[in-house]
Amino acid sequence: MPGTRHSRSTAPREAAPDKPRNETAEEILAVAMDHIEQFGVAGVKIESILREAKVSTGSLYHFFGSREALLIAAEDERYLQLLLSEQQSVLSDVGTIASVEEFAAWIASQLMRMARDDRVVEIRKTRIKITGNALHHPALLSSLVTRQHTMFTAIGAAIEAAKVRGFVAEFVDGFAFAAWFHGMTLGLGAIEATLENRELWLKQAIPATLAVLGVPMQLPHELLEDSGLAGDPRFAR
């Protein structure tokens, strides 16, 4: 996000074991990430990155091999950090849910957060930009696919666990749901400018998600009011 100073990464690198772990390399990477956020990939000047990181041109080539390789590594790291943050937010309290009614309320609350939290929407826009850039860089695209697969697996496992507890219909495939849900919510960042407001999306996203999961259309009255779905016949008791 703009104004964010990235720290040296401690994120797992199983998807790209060739990436550097050296402190100097991590500092170059962190500065590169900051500059991409400030100026965009096209506006990044390697000389400015090296000057701020207080390293030589030789260090760039030693650890990354080229300007393009550094920018790909920085984009990949930005995407990973955003993905991990989002995954943690989505799964933070799912384990405490005790009933199907609470599960439905949790789904609705997650969607409300995704639609109403400006920071979350900006994160999704950033991920869309990185993915767009990846279409021109096969190595970056391959890494993002691996990142996404890991996220879908984690969310899918949570859905499968909810299915075992009777909160989700038996016909639901957890991984497939995670992929669908990811596409639906990520797409909000791409179409937001076309909407009069995000509430229009939200009023369709909540019942659609509950229907895909086979969850009864039942939400607490307060949540129906807050989500703008009070009086919607789909939620008639």
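Sorting Tyr79, Tyr61 from the fewest to the most surrounding beta carbons within 10 angstrom yields Tyr61, Tyr79.
Put in line by how crowded their Cβ is, counting other Cβ atoms within 10 Å and starting with the fewest, Met184, Met33 read Met184, Met33. Listing Val172, Val215 from fewest to most neighbouring C-beta atoms within 10 Å gives Val172, Val215.
How large is the charge dipole for the chain, taken about the Cα centre, if only the Cβ atoms of Lys, Arg (+1) and Asp, Glu (-1) carry charge, to the nearest 20 debye? Walk me through the intermediate numbers first.
Details: 24 positive and 30 negative charges, 80 e Å.
My answer is approximately 380 debye.
Read the figures in this text as sums done on the coordinates, not as results from a lab. Predicted, not measured: the structure shown is a model, and the values here were computed from it. As a convention, Cβ positions derive from the backbone with ideal geometry for all residues, glycine included, and neighbour counts pool all protein chains shown.
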